Amino acid sequence: MPDYRTVSMNFKRHLIIGIATCGGIGNAPFAPGTFGSLPGVLLYFLLSVLAPAYAVVCLLSIIGIAVWSAGHAEQFLIRKDPKNVVIDEIAGMGVTFIGLPFSWPVAIAGFLLFRIFDIIKPYPINFLEKRFAGGIGVVIDDVAAGVICRILLGVGLWLI
C-alpha cells in the first residue's frame, strides 16, 4: 500500500510543475518562452471582456500564482529560473495588455514587443532579475517587461 504522504507529495509536485509550465507548454523543444507567451494572447482576450476592476484582480491573482508556482518549481527542479517555467511569461503578457480592448493588431504588436523586451532585458528589467530570488525573481522581470510594453502600446495607440 503506497504511503499517502508520498502520493500527496507527488501530486503536489506534478500540479505545481503543471501550473508553472502551463500544462507542459514550457517543455517545447525550442523557444519555450515564446511558446509560453502564446497563452498570454488568450489571457488578453479574457481580460478584455471583464470589467476593469475584475481584470486587475484576475491579473494580480495570476501574478501571485506565478510567483508561488515558479518558486516551488525552482525547488522541485533544483534549478534557478528553469527555462520550462513559463507562467512568468503569461503574467508578463497579462500586464502588457491590461486595460486594452482586444484587437488582433494590438495582440500581435504586444506579443512581439513583449518577446523583444523579455529576451533583451534592458535596464531596469535585468536589474530586477538579478536583485530578487525565488518565485519573485522568476516573475518580476517579466512583469517589468510587461509594464514597459504596456506603456509603449498605450502611447502607440494614443498616437494612432
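The values are calculated or read from the model by the stated rules, or taken from the named source; none is laboratory data. Keep in mind the model is a prediction, meaning the values are calculated, not measured. Cβ placement follows ideal geometry from the backbone for every residue including glycine, while neighbour counts extend to all protein chains displayed.
Determine if segment 110-125 includes at least one residue that is outside any helix (DSSP H, G or I), aliphatic (A, V, I, L, M) and either buried (at least 24 other Cβ atoms within 10 Å of the Cβ) or in contact (Cβ under 8 Å) with a residue 24 or more places away in the chain (or both). Spell out how you get there, then give the answer.
Applying the first criterion (outside any helix (DSSP H, G or I)) to segment 110-125 yields 121-124.
Within this subset, residues satisfying the condition of being aliphatic (A, V, I, L, M) are none.
No, every residue in segment 110-125 fails to be outside any helix (DSSP H, G or I), aliphatic (A, V, I, L, M) and either buried (at least 24 other Cβ atoms within 10 Å of the Cβ) or in contact (Cβ under 8 Å) with a residue 24 or more places away in the chain (or both).
Scoring Arg5 on the criteria (1) out of contact with any Phe, Trp or Tyr (no Cβ under 7 Å at 6 or more places or on another chain); (2) assigned to a helix (DSSP H, G or I); (3) under 19 Å from Leu77 (Cβ atoms); (4) modelled with pLDDT under 95 leaves a single failure, condition (3).
Screening Ile148, Ile136 for residues that are hydrophobic (A, V, I, L, M, F, W, C), touching a residue at least 12 places away in the same chain (Cβ under 8 Å), within 22 Å of Ile16 (Cα to Cα) and assigned to a helix (DSSP H, G or I) leaves exactly one candidate, Ile136. Restricting segment 15-48 to residues that are free of Cβ contacts under 8 Å to residues at least 60 places away in the same chain and of a type in the set (S, T, N, Q) leaves a set whose member that is surrounded by the fewest Cβ atoms within 10 Å (Cβ to Cβ) is Asn27.
Report, by residue number, each residue of segment 25-84 that is β-branched (Val, Ile, Thr) and over 23 Å from Arg150 (Cα atoms).
If we filter segment 25-84 for residues that are β-branched (Val, Ile, Thr), which is where we start, we get 25, 34, 41, 49, 56-57, 62-63, 65, 67, 78.
Scanning segment 25-84 gives Ile25, Ile78.
Output yes when any residue across segment 122-134 is under 22 Å from Ala28 (Cα atoms) and out of contact with any Leu (no Cβ under 6 Å at 6 or more places or on another chain), and no when none is.
Going through segment 122-134, the residues under 22 Å from Ala28 (Cα atoms) turn out to be none.
Within segment 122-134 (the criterion being under 22 Å from Ala28 (Cα atoms) and out of contact with any Leu (no Cβ under 6 Å at 6 or more places or on another chain)), the answer is no, since none of the residues qualifies.
Just to be sure I understand, how many residues within segment 77-109 are modelled with pLDDT of 95 or more, not in a loop (DSSP other than H, G, I, E, B) and not aromatic (Phe, Trp, Tyr)? Residues flagged as modelled with pLDDT of 95 or more, not in a loop (DSSP other than H, G, I, E, B) and not aromatic (Phe, Trp, Tyr) within segment 77-109 amount to 15.
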